[in-house]
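In what follows, a structure is listed as structure tokens, so that the remarks can point back to it.
The values are calculated or read from the model by the stated rules, or taken from the named source; none is laboratory data. Small disclaimer: the values here were computed from a predicted structure and weren't measured. Note that we place each Cβ from the backbone using ideal geometry, even for glycine, and neighbour counts take in every protein chain shown. With ligands, DNA and RNA removed, areas are computed over all heavy atoms of the protein, side chains included. Shrake-Rupley method; radii C 1.70, N 1.55, O 1.52, S 1.80 Å.
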Amino acid sequence: MSFEAEVRRVAEAVWNLAPGQCQPTHYPNDPVVREIDGIARLRDVTHLLMATTSTRLDKVKDDCKKLQSAENIERARVPAVSKWLITQTQLDAQHIDYARRQNVQVLTLAQFQRRFFDGARYVSLRSRAAFGSARDPLTDSISIPDDAYVALPMRIVAVGHTQQSSLVDRRISLDQIGGRLRSGELIVLRAPFGAGKSLTVRELFKKLAGSHSNDTTQPIPLALNLREHWGEDFCDEILDRHARTIGYTPREDLVVAWRAGMCCLLLDGFDEVAAQSVVRTDNKNFMREARRRALSGVRDFTQKLPAAVGVFLCGRDHYFDSDTELASSLGILGRKYLVVDLGEFDEKNANEFLKKNGIAQALPDWLPRKPLLLSYLLREKLFDQILAIDGTKGFGHAWDAFLSAICAREALLERSAMEAETIRAVLERLAFSVRTKTTGTGPIAGVDLSEAYTAETGQSAGEAVLAQLQRLPGLAQRDAEAGTRSFVDFDMFASLQGGAFARHVLAGFRNVSINPLAALGERAQDMAAYILRKNGATADTLLSVCNQLLRMAAREQGAPQHAADCLGVSLRLVMDNDKPEMDMRGAIIDGASLDRVPLDDVTLKNVSFRNCTIRELRLPDSPDKTEVKFSSCVIGRVVGATNRSGIPSSLVSGDCEIEEFDNASTNSAVLRLDLSPQLKALLTVLRKLYKQAGAGRKIAAFSRGITRPDVLRYIDPVLEILQRHQFVSIFNSVVHPVRRQSGRVEAILASPALADDPVVVEVRSLQ
């Protein structure tokens with residue numbers, strides 16, 4: 001029955017009929033035919049169809065007899081009748097010869113489909129084209145070996161309202177994702193910049209294409225790079241351009257196949273499209289509206305989905321402010337869908353990737369396990385330099401040393417025309433300047449490169465400099481736009497932004513004319529705090545610069561955002577104190593964006609936030625006693641309250657918009673759990689290190705906010721156990737998380753009472 005339904009659906013596409021216009025037909029008065037599997041009535045001809053999964057000759061003869069009898073009946077109504085026998089598998093020559101003598105055309109379903117869409121030819125052409133930013137790590141070519149893919153961990157983090165909530169926090173494989181797509185589900189994959197999204201899409205495409213090759217009733221995967229479709233608002237124009245890009249003709253067949261429900265969609269890079277937008281500093285929703293406009297074409301796909309057609313969308317994990325915005329902007333709100341987070345390589349997979357490319361040494365813990373960054377290091381032969389960096393001293397130290405090493409190496413090359421300091425300054429300026437673009441990460445055009453060099457040196461870029469600017473370390477080509485670049489890794493990108501911000505702070509923001517559209521991220525704040533601390537700056541330094549910028553706000557367009565960034569970095573600096581507290585002296589932050597406001601870690605006084613966009617607000621234990629005021633703000637997530645009634649209006653006024661609440665991440669929530677004091681101490685430490693902002697925490701910070709003595713007494717013993725099991729490293733009384741243990745930490749946090757991890761076993765035994 002399902003095969004017959006598929007034949008009718010394909011017939012409707014072949015003859016351009018509306019869904020449901022090809023149906024079985026019953027002949028009650030004819031003892032031979034009784035019923036045929038499908039009839040398609042066109043203006044000049046009527047097509048009669050029989051569909052079979054059998055390969056027996058007697059079945060072929062019986063179907064031909066039915067078609068002949070139905071033809072005799074239909075010829076009384078129409079002048080021309082065409083007879084078709086559609087089979088699941090290829091018939092023997094004897095069967096085909098018999099059908100032809102009866103004027104019956106015999107085709108397999110795959111052959112029938114190719115009359116209007118050649119899926120095998122599409123797969124062949126698409127396989128030879130680029131998949132997003134995926135490149136061969138050694139040659140930087142779009143031609144990638146078939147065995148290049150190394151699996152990355154994937155975890156379900158959210159579900160649509162009709163999905164089972166029990167799926168959240170479960171691991172999921174690429175094969176399972178492929179199965180869900182074949183059954184018509186919607187799946188959104190999120191990952192950090194450079195984590196291997198495009199290579200994952202390529203591997204998924206190969207798996208789905210293989211399934212279709214083995215069984216032509218399975219959907220044909222259409223894999224699109226969304227970065228190639230800026231400004232396209234309709235799915236048919238996107239498919240037309242995609243067909244033109246890969247060289248498939250006739251192009252309109254791709255649209256017909258999609259509308260016929262024969263395909264599943266793989267849409268790579270929802271964070272890499274943009275719309276023409278005018279910056280509206282008076283509109284706190286400006287960035288969200290810009291993102292929504294940019295994704296009009298994606299929504300046209302999701303809102304015009306044929307029945308049982310699967311869609312896979314992927315993009316950067318921090319592109320949207322909340323899961324609600326993600327669902328709304330992608331057009332899947334109220335639908336059945338899964339949101340999956342793509343992790344970095346675990347140690348086994350990272351070593352497998354390196355071994356495939358001739359590297360036997362283990363990676364340092366601080367270095368991200370992102371395929372794009374590792375590919376860059378392989379290509380540039382930089383592993384010797386990075387292995388010598390001491391990552392136990394924290395994120396800022398490691399990345400400061402790393403950036404210095406790669407810039408020094410670039411300057412020593414015979415072709416170099418710039419000093420190491422100039423290379424780093426240009427990179428930092430470029431990373432900082434893209435904050436003015438709606439994507440937040442690029443693209444970086446050739447003119448941006450030359451202007452950054454001129455701004456840093458006061459000289460025009462000559463021929464040798466221009467050549468070197470095109471191959472600056474850490475930048476990779478964006479294949480959608482000729483001559484443009486992007487940074488290969490988010491941590492590297494954030495480190496450069498943080499370094500640039502620190503330089504601007506030390507210079508008092510003289511001659512800084514850019515107007516950032518988004519907040520300085522957590523990693524960038526970490527780097528800025530490290531550079532400022534190394535140069536003798538303190539939180540008071542940041543506070544003075546912040547107040548100076550606020551006084552300039554009326555005449556300098558970017559001043560409010562720079563002031564908000566100063567506040568964010570100063571919060572990083574004061575969090576290292578035993579009693580973190582900061583008095584803002586009546587400051588008013590108006591019309592800026594902030595990444596995270598951790599009122600649970602820092603006592604912030606005498607400051608008001610108006611018309612701001614805040615990704616996350618973490619409430620203190622006593623929110624009604626806080627000397628902070630938020631009004632007319634958009635807050636993506638409030639941590640520490642389950643609903644609006646849990647937040648005093650003296651802190652957050654009624655005119656603020658709050659998208660999500662979370663009461664599961666605070667110390668108070670952990671202390672209320674039905675667990676032993678030992679496990680509560682473990683969860684508190686792991687959450688602060690692995691789930692909250694900052695690359696490291698002072699030892700004293702882990703006791704902050706814990707009001708129960710029976711839990712407090714276990715904090716230090718838990719830290720000792722975590723250090724012994726290499727979950728943390730401690731340097732100068734600062735505790736840093738160990739990246740390779742992230743998977744074990746997730747398992748412990750998901751089910752602390754049932755976890756059998758050796759760390760949990762040892763913590764339980766504490767007396």
query = Only one of these conditions is not met by Tyr453: (1) at pLDDT below 75; (2) farther than 29 Å from Arg369 by Cα; (3) surrounded by 16 or more Cβ atoms within 10 Å (Cβ to Cβ); (4) of a type outside the set (Val, Ile, Thr). Which number is it?
reply = (1)
note = Exception for Leu107 within (1) free of Cβ contacts under 8 Å to residues at least 40 places away in the same chain; (2) under 24 Å from the mean Cα position of the chain (by Cα) falls at (2)
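Examine the range 539-551 for a residue that is in a loop (DSSP other than H, G, I, E, B) and either farther than 17 Å from Leu517 by Cβ or more than 33 Å from the chain's Cα centre (by Cα) (or both), and state whether such a residue exists. Write out each step before concluding.
At the first step, the residues of the range 539-551 found to be in a loop (DSSP other than H, G, I, E, B) are none.
Among the residues of the range 539-551, not one is in a loop (DSSP other than H, G, I, E, B) and either farther than 17 Å from Leu517 by Cβ or more than 33 Å from the chain's Cα centre (by Cα) (or both), which makes the answer no.
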ask   = Is it true that Arg644 is within 25 Å of Lys688 (Cα to Cα) and open to solvent by less than 50 Å² (accessible area, probe 1.4 Å)?
value = no
inquiry  = Among the residues of the range 688-695, are any of a type outside the set (Gly, Ala, Ser), in a loop (DSSP other than H, G, I, E, B), open to solvent by 20 Å² or more (accessible area, probe 1.4 Å) and at pLDDT 85 or above?
reply    = no
remark   = Within the range 747-767, of all residues that are open to solvent by 60 Å² or more (accessible area, probe 1.4 Å), within 19 Å of Arg171 (Cα to Cα) and part of a loop (DSSP other than H, G, I, E, B), the one modelled with the highest pLDDT is Asp756
query = Do you know which residues across the range 600-640 are of a type in the set (Gly, Ala, Ser) and modelled with pLDDT of 85 or more?
reply = Ser608, Ser631, Ser632, Gly636
request  = Please name all residue pairs, on different chains or six or more residues apart, with Cβ atoms under 7 Å, provided the first residue is in the range 639-656 and is without any contact (Cβ under 8 Å) to a residue 24 or more places away in the chain and the second residue is surrounded by 15 or more Cβ atoms within 10 Å (Cβ to Cβ).
outcome  = Ala641/Leu619; Ala641/Ile647; Ala641/Phe661; Ala641/Asn663; Thr642/Phe661; Thr642/Asn663; Asn643/Phe661; Arg644/Ile658
task = Confirm whether Cys235 is in contact with a Pro (Cβ under 7 Å, 6 or more places away or on another chain), modelled with pLDDT of 85 or more and either β-branched (Val, Ile, Thr) or closer than 28 Å to Gly160 by Cα (or both).
result = no
ask   = On the given criteria, is Val512 touching a helix residue (DSSP H, G or I) at 6+ places or on another chain (Cβ under 9 Å), open to solvent by 20 Å² or more (accessible area, probe 1.4 Å) and either small (Gly, Ala, Ser) or at pLDDT below 85 (or both)?
value = yes
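Which residues, taken from the range 604-613, are under 21 Å from Leu520 (Cα atoms), open to solvent by 10 Å² or more (accessible area, probe 1.4 Å), in a strand (DSSP E or B) and in contact with a Lys or Arg (Cβ under 8 Å, 6 or more places away or on another chain)? Quick ask: steps written out before the conclusion?
Narrowing the range 604-613 to residues under 21 Å from Leu520 (Cα atoms): 604, 607-613.
Within this subset, residues satisfying the condition of being open to solvent by 10 Å² or more (accessible area, probe 1.4 Å) are 608, 610-611, 613.
Still in the list and also in a strand (DSSP E or B): 608, 610, 613.
Hits for the range 604-613 are Ser608, Thr613.
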key: Residue check, Val447 open to solvent by 40 Å² or more (accessible area, probe 1.4 Å) and out of contact with any strand residue (DSSP E or B) (no Cβ under 9 Å at 6 or more places or on another chain)   = yes
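With the requirement that a residue be among the small types (Gly, Ala, Ser) and out of contact with any Asp or Glu (no Cβ under 9 Å at 6 or more places or on another chain), what does the range 564-592 give you?
Start the filter on the range 564-592 by keeping residues that are among the small types (Gly, Ala, Ser), which leaves 564, 568, 570, 586-587, 591-592.
Selection gives Ala564, Gly586, Ala587.
Restricting to the range 482-513, name every residue that is part of a loop (DSSP other than H, G, I, E, B) and free of Cβ contacts under 8 Å to residues at least 40 places away in the same chain. Full working, then the answer.
As a first pass, look at the range 482-513 and keep what is part of a loop (DSSP other than H, G, I, E, B): 482-484, 488-489, 507-513.
Those that are part of a loop (DSSP other than H, G, I, E, B) and free of Cβ contacts under 8 Å to residues at least 40 places away in the same chain: Ala482, Gly483, Ala507, Arg510, Asn511.
Keeping to the range 334-349, report how many residues are outside any strand (DSSP E or B) and farther than 12 Å from Arg171 by Cβ.
Keep residues of the range 334-349 that are outside any strand (DSSP E or B), which gives 334-336, 343-349.
So of that shortlist, the ones also farther than 12 Å from Arg171 by Cβ come out as 334-336, 344-345, 347-349.
So the answer is 8.
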inquiry  = Looking at Phe205 and the list (1) aromatic (Phe, Trp, Tyr); (2) over 26 Å from Arg115 (Cα atoms); (3) crowded, with 20+ Cβ neighbours inside 10 Å, which single condition is not satisfied?
reply    = (2)
Candidate set: the range 71-90, residues that are of a type in the set (A, V, I, L, M) and at pLDDT 90 or above; chosen: the one farthest from Arg9 (Cα to Cα) = Ala80
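For residues that are among the hydroxyl-bearing types (Ser, Thr, Tyr) and open to solvent by 40 Å² or more (accessible area, probe 1.4 Å), scanning just the range 208-243, find the one that is farthest from Ala5 (Cα to Cα).
Within the range 208-243, the subset among the hydroxyl-bearing types (Ser, Thr, Tyr) is 211, 213, 216-217.
This time we only want the ones that are open to solvent by 40 Å² or more (accessible area, probe 1.4 Å), so: 213, 217.
Working: Ser213: 20, Thr217: 11 Å.
By that ranking, first place goes to Ser213.
Inspect all residues belonging to the range 459-476 and state whether any of them is surrounded by 15 or more Cβ atoms within 10 Å (Cβ to Cβ), in contact (Cβ under 8 Å) with a residue 12 or more places away in the chain, small (Gly, Ala, Ser) and part of a helix (DSSP H, G or I). So that I can check it myself, show each step before the final result.
Taking the range 459-476 and keeping what is surrounded by 15 or more Cβ atoms within 10 Å (Cβ to Cβ), we get 461, 465-466, 468-469, 472-476.
Restricting the remaining residues to those that are in contact (Cβ under 8 Å) with a residue 12 or more places away in the chain gives 461, 465-466, 468-469, 472-476.
Checking the rest, the ones that are also small (Gly, Ala, Ser) come to 461, 474, 476.
Restricting the remaining residues to those that are part of a helix (DSSP H, G or I) gives none.
Looking through the range 459-476, none of the residues is surrounded by 15 or more Cβ atoms within 10 Å (Cβ to Cβ), in contact (Cβ under 8 Å) with a residue 12 or more places away in the chain, small (Gly, Ala, Ser) and part of a helix (DSSP H, G or I).
It is to be established whether one or more residues within the range 614-637 are β-branched (Val, Ile, Thr), touching a helix residue (DSSP H, G or I) at 6+ places or on another chain (Cβ under 7 Å) and crowded, with 22+ Cβ neighbours inside 10 Å.
At the first step, the residues of the range 614-637 found to be β-branched (Val, Ile, Thr) are 614, 626, 628, 634-635.
Cutting the leftovers down to touching a helix residue (DSSP H, G or I) at 6+ places or on another chain (Cβ under 7 Å) gives us none.
Scanning the range 614-637, I find no residue that is β-branched (Val, Ile, Thr), touching a helix residue (DSSP H, G or I) at 6+ places or on another chain (Cβ under 7 Å) and crowded, with 22+ Cβ neighbours inside 10 Å, so the answer is no.
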remark   = Taking first residues from the range 526-551 that are closer than 21 Å to Arg596 by Cα and second residues anywhere that are basic (Lys, Arg) and buried (at least 23 other Cβ atoms within 10 Å of the Cβ), the pairs with Cβ under 8 Å that are 6 or more apart or on different chains are Asp526/Arg572; Ala528/Arg572; Ala529/Arg572
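Assigned to a strand (DSSP E or B) and of a type outside the set (A, V, I, L, M, F, W, C), is that true of Asp30? Before the answer, list the steps.
On the way: assigned to a strand (DSSP E or B): no; of a type outside the set (A, V, I, L, M, F, W, C): yes.
Criteria not met by Asp30.
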inquiry  = So, in the range 154-167, exactly how many residues are at pLDDT below 85 and in a loop (DSSP other than H, G, I, E, B)?
reply    = 4
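Which helices (runs of 4 or more DSSP H) sit wholly inside the range 40-149 and have at least 3 residues that are open to solvent by 20 Å² or more (accessible area, probe 1.4 Å)?
Values: elements: 57-74, 93-101, 109-113, 119-127.
Qualifying helices (runs of 4 or more DSSP H): 57-74, 93-101, 119-127.
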inquiry  = Against the conditions (1) farther than 30 Å from Glu344 by Cα; (2) surrounded by 22 or more Cβ atoms within 10 Å (Cβ to Cβ), where does Glu581 fall short? Just the number, please.
reply    = (2)
ask   = Taking the range 287-309, which residues are under 18 Å from Glu325 (Cβ atoms), open to solvent by 20 Å² or more (accessible area, probe 1.4 Å) and not charged (D, E, K, R)?
value = Met287, Ser296, Gln303
task = Output the residues belonging to the range 167-185 that are open to solvent by 10 Å² or more (accessible area, probe 1.4 Å) and either closer than 13 Å to Gly310 by Cβ or among the small types (Gly, Ala, Ser) (or both).
result = Ser173, Gln176, Gly179, Arg180, Arg182, Ser183, Gly184, Glu185
